[in-house]
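Data block below; observations after.
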Protein chains: 2
Amino acid sequence: MREVFVIGTGQSDFGKTPERSAAQLGREAALEAIEDAGIRPADLQGVFSSRVFDAMVTSQSIMKDIGVARIEMVNVENACSGGATAVRSLYKDVAAGFIDIGIAIGVESMTTSPVAGKLIPPDKDDLDGQMGLTMPVLFALQARRLMETHGATPEDFAQVSVKAHDFGALNPRAQYRKRFTVEEVLGSRMIADPITLLQCCPNTDGAAAVVLASAEVAQRYSDLPIRIAGSALVSGEQDFRRPDVTSMPAGQRAAQLAYEQAGVSPSDVDVVELHDAFASEEIVHYEDLGLCERGEGVDLLRSGATSLGGRIPVNPSGGLLSLGHPLAASGVRTIADITNQLRGRAGDVQVPDARVGLAQMLGGVVNGMDVAAASVHVLTR
Amino acid sequence: MREVFVIGTGQSDFGKTPERSAAQLGREAALEAIEDAGIRPADLQGVFSSRVFDAMVTSQSIMKDIGVARIEMVNVENACSGGATAVRSLYKDVAAGFIDIGIAIGVESMTTSPVAGKLIPPDKDDLDGQMGLTMPVLFALQARRLMETHGATPEDFAQVSVKAHDFGALNPRAQYRKRFTVEEVLGSRMIADPITLLQCCPNTDGAAAVVLASAEVAQRYSDLPIRIAGSALVSGEQDFRRPDVTSMPAGQRAAQLAYEQAGVSPSDVDVVELHDAFASEEIVHYEDLGLCERGEGVDLLRSGATSLGGRIPVNPSGGLLSLGHPLAASGVRTIADITNQLRGRAGDVQVPDARVGLAQMLGGVVNGMDVAAASVHVLTR
């Protein structure tokens, strides 16, 4: 397989913008990525987009006003991993030599969706859903278990949100650029004990895009192409009702596969973007990604290692909690943000001399499975 | 790139079955394809599904009760070409060597969808939609033009539907197993002049699946693997308002690419399955696929060459008009049906000694584009 590089990134502002269509948001991100890559739209040989809610030929809707046609366009969905799946689909096409350059886009217009963010009646097959096992409840169960097994406290979970908002306050693209104290986070409305409102990601409109290219094409356009050294996408175990819910096997396996392909170990990683839809899960991901030993996630958080200026900053973008979470956009946005960290372009949240970064995203729970789609990409300078 | 073979096919009955979930329909098709291939579910290394309406981690929802997990699962959407896009995505993964065997599934539960088949207000960007340019109207404009330029008559269009129902009456999986006369077709309710109700495909629930494998794996399981000799997916031109709407450039280009890759010419093709969502378009596809010279599509139809027992039967399954059109399922089902024609397993509609077959599907119109996604697969015995 050929090496594949990110040569351009783009993003819309994240927030609530019901006046703008999904195609408009996607177009903004795509045009920024195209300009950043220094290419012309007509150079693109493939387009892979993801939109989870209300999707219909998303790539084509975005591209028609950019003047791109007559090439392969694919639209993918994988819940919160949808955007990462679009990137990986494009990555595989470039790696295998089907095409030399293409764009991956993730977009969501959640405020205009008749479905997103609404209380959707669960499938008639979905017994867990029928019993009330919605996303916040699922993660609340995991959080309660972390309190039993890891000695985690509600203050620890709140601290994840405080950290996210400390970072997000520095990100001009973030939905919420406001700092909170642990007390404020704990004092916000209870959603599913111990998860309070400020420990849940918001509903967000937004889009992100990356341009990927083969080595030969990347060298033509970029002084500092960032290599996708490892890419993995795996579905989870079939039984979420397993003895230990403080690990998510799909996320762990995806990380192992990506590390192995990249030839790096967790200790090599300088910066991480991950799925913090609910604050407490970040502690689980520390362990599943190997950023610390099993059982030491709370200690890693408390040490400040994952905060601004720490040894291994996690979610310097502000994460889903503060930057916002337009579902399918997040899996592309994390890869774009890691790319910009490795290019030294991360502004106020730059991790000094970052050389290896990791973007993780988890998507969906099908009743009986841990995670429907877990994706990990390891990027290197 | 490696050669890729179809080694198993499966399908649910097509029809209106609101009592069955999309996951159930998908599971039925998948299990039939797995059994037909003679593999165990655990042999699968990748799953690609498509569902256009109300999709959310479709692959995983289908596979959880089949006992498949811990592998890559992707969900794609490309309007009516969604299923063909799932097949092509899997095809590329096997061809490139990412995996050796996998399954592609298309499924739609249109009768239970809050969206499918309903009159959806067009996007605010979609000026054509705002003006009333819905699918039947779009194809009616094309049909009127065929009457001007090709000497086509309403009776010709009705004959396409008569032919489809003649075939569908012989297909035990078809939604409508009933023959109609030209008079009955013309006498049904007018939808968009000259298109009457019986010249429009119905709303359908259903699923289809194919198992693809590399040569080495295919030889292990199959006595008669069918090769995917050509695979193409392209988006259309940006301007539908072009001088000649009696050709659809995306479909034409996809066919050229697939023929070229397969090293066959249109005259080599023994049997075709194509997108006949509206009867009149079939005449356009005859020409775009090169089954006859430009301008001679009506003559080809009138000659009976594309009917049962003709030189080049088109839609022996009954097509979208009679077999039914569960959107994302159709692109997989056409490839499964062509496979079974080449395996000599097509029952009462078997084309004698068929050696080369073509499956075409067109998906979506974005305002200003001819077709959002056109797919053509050429299969050989």
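Apply the a/c threshold of 1.5 to the C-alpha gyration tensor of the range A:105-212 and tell me whether it is rounded, prolate or oblate.
Values: a/c = 1.92, a/b = 1.03, b/c = 1.87.
Oblate.
Sort shortest first the distances from A:T149 to its counterpart in every other copy, using label points 7 Å along the Cα-to-beta-carbon line, and give them in nm.
6.6
Using a cut-off of 14 Å between beta-carbons, work out the net charge of the residues near A:D353 (Lys and Arg +1, Asp and Glu -1, A:D353 not included). Before the final figure, lay out the partial values.
Numbers: positive: A:R311, A:R343, A:R345, A:R355, A:R381; negative: A:D268, A:D270.
Net local charge, A:D353 excluded: +3.
For every helix of n ≥ 4 consecutive DSSP H residues, a contribution of -39,500 (n - 2.57) applies; sum these over the protein assembly as shown, divide by its total residues, and give [θ] at 222 nm rounded to the nearest 500 deg cm²/dmol. Let's see the in-between values first.
On the way: 26 runs with 267 residues, N = 762.
Counting only the DSSP helices, I get -10500 deg cm²/dmol.
Using a ≥ b ≥ c from the Cα gyration tensor of the range A:5-84 (square roots of the eigenvalues), is it rounded, prolate or oblate, where a/c under 1.5 gives rounded and otherwise the larger of a/b and b/c decides, a/b for prolate? Could you put the intermediate results ahead of the total?
Values: a/c = 1.45, a/b = 1.25, b/c = 1.15.
Rounded.
Leaving out same-chain residues fewer than 8 places away, which lysines sit with a Cα under 22 Å from that of B:K92?
Correct list for B:K92: A:K92.
At a Förster distance of 56 Å, what's the computed FRET efficiency of A:Q219 paired with B:E184, Cβ-Cβ distance as r, to 0.05?
0.30
Accessible area drop of at least 30 Å² (1.4 Å probe, protein heavy atoms): which residues of the range B:73-103 qualify, relative to the chain alone?
Flagged in the range B:73-103: B:M73, B:V74, B:N75, B:E77, B:N78, B:K92, B:A96, B:F98.
First check a/c for the protein assembly as shown, with a ≥ b ≥ c the square roots of the eigenvalues of its C-alpha gyration tensor; if it is under 1.5, answer rounded, and if not, answer prolate when a/b is larger than b/c or oblate otherwise. If you can, show how the numbers build up before the last one.
Values: a/c = 1.88, a/b = 1.80, b/c = 1.04.
Prolate.
Could you tell me what percent of the accessible area of the protein assembly as shown is made up of carbon and sulfur, with a 1.4 Å probe and every protein chain present? The partial results should precede the final answer.
On the way: 12840 of 25540 Å².
Using a 1.4 Å probe with all protein chains present, the protein assembly as shown comes out at 50 percent carbon and sulfur.
Need one value for B:41-52: mean number of C-beta atoms belonging to other chains within 10 Å of its residues' C-beta atoms.
On the way: counts 0, 0, 0, 0, 0, 1, 1, 2, 1, 3, 1, 4.
Partner Cβ neighbours, averaged per residue: 1.
Need one value for B:259-272: mean number of C-beta atoms belonging to other chains within 10 Å of its residues' C-beta atoms.
On the way: counts 0, 0, 0, 0, 0, 0, 0, 0, 0, 0, 0, 0, 0, 0.
For peptide B:259-272, the averaged partner shielding equals 0.
Can you put B:E72, B:E184 in order of accessible area, largest first, using a 1.4 Å probe? It would help to have the intermediate numbers written out before the result.
Values: B:E72 25, B:E184 85 Å².
Descending accessible area places them as B:E184, B:E72.
Once you have the Kirkwood Rh of chain A from its Cα pairs, apply Stokes-Einstein at 37 °C and 0.692 mPa s and quote D in µm²/s. Can you show the working numbers first?
Details: Rh = 20.2 Å.
Approximately 162 µm²/s, per Stokes-Einstein.
Can you flag which of A:K124/B:K124; B:K118/B:K163; B:K16/B:K64 are past 30 Å Cα-Cα? Walk me through the intermediate numbers first.
On the way: A:K124/B:K124 34 Å; B:K118/B:K163 28 Å; B:K16/B:K64 24 Å.
Over 30 Å apart, Cα to Cα: A:K124/B:K124.
May I ask you to list the GluC sites (Glu not before Pro) in the range A:266-370 that are in a DSSP loop and have at most 14 other Cβ atoms within 10 Å of their Cβ? All intermediate terms of the calculation are to be shown ahead of the outcome.
Numbers: sites: A:E273, A:E281, A:E282, A:E287, A:E293, A:E296; in loops: A:E293, A:E296.
Those satisfying the criteria are A:E293.
Cut-off 10 angstrom, C-alpha nodes, Gaussian network model of chain B. Which of B:P194, B:P202, B:P352 fluctuates the most?
B:P352
Please name whichever of B:V366, B:G26, B:S81 sits farthest to the positive end of the charge dipole of chain B, dipole taken about the Cα centre and charges placed at Cβ: Lys and Arg +1, Asp and Glu -1.
It is B:G26.
How big is Rg to Rh over the range A:66-125, alpha-carbon atoms, Rh as the Kirkwood inverse-mean-distance radius? Please report the intermediate quantities before stating the final value.
Details: Rg = 15.4 Å, Rh = 14.0 Å.
Reported Rg/Rh, Kirkwood definition of Rh: 1.10.
Provide the gained length on full extension for the span A:E19 to A:A42, in nm with one decimal, where the gain is 0.36 nm per separating residue minus the Cα-Cα distance.
Details: separation 23, 0.36 × 23 = 8.28 nm, distance 2.88 nm.
Difference between extended and current length: 5.4 nm.
Going by the rotation axis that takes chain B to chain A, pick out the residue of B with the closest C-beta and quote the gap in whole Å.
Here the value is B:A96, 2.
Just grab the label-to-label distance for B:M147 and B:E260, each label 7 Å out from Cα along the Cβ direction, in nm (one decimal).
My value for the distance between the label points is 3.8 nm.
Hey, what's chain A come to in accessible area per residue, 1.4 Å probe, Å²? Let's see the in-between values first.
Details: 12780 Å² over 381 residues.
I get 34 Å² per residue for this part.
Sort shortest first the distances from B:G263 to its counterpart in every other copy, using label points 7 Å along the Cα-to-beta-carbon line, and give them in nm.
Going from nearest to farthest copy, the values are 3.7 nm.
Just counting partner chain Cβ atoms within 10 Å, what average do the residues of peptide B:229-238 show around their Cβ?
On the way: counts 0, 0, 0, 1, 5, 5, 13, 5, 2, 9.
Average neighbour count from other chains, rounded to a whole number: 4.
Rank-order B:35-43, B:336-344 by packing density, defined as the average count of other C-beta atoms within 10 Å over each peptide's residues, highest first. The partial results should precede the final answer.
Details: B:35-43: 17.1, B:336-344: 25.1.
Descending packing order for the listed peptides: B:336-344, B:35-43.
What gaps in nm, shortest first, separate A:Q219 from its twins in the other copies when you place the label 7 Å past Cα toward the beta carbon?
Sorted ascending, the copy-to-copy spacings read 3.8 nm.
In square angstrom and rounded to 100, what buried accessible area do you get between chains B and A, total over both, with the probe at 1.4 Å?
On the way: alone 14810 and 14840 Å², together 25540 Å².
Approximately 4100 Å², summed over both chains.
Express the relative contact order of the range A:120-188 as a whole percentage, based on alpha carbon pairs under 8 Å and six or more residues apart in sequence. Provide the component values of the computation, followed by the final result.
Values: 39 pairs, mean separation 14.2, N = 69.
Relative contact order of the range A:120-188: 21 percent.
The values are calculated or read from the model by the stated rules, or taken from the named source; none is laboratory data. None of the values given here were measured: they were computed from a predicted structure. Please note: Cβ atoms are built from the backbone with ideal geometry, for glycine as well, and neighbour counts cover all protein chains shown. Areas reflect the complete protein model, heavy atoms only, side chains present, ligands, DNA and RNA absent. Shrake-Rupley method; radii C 1.70, N 1.55, O 1.52, S 1.80 Å.
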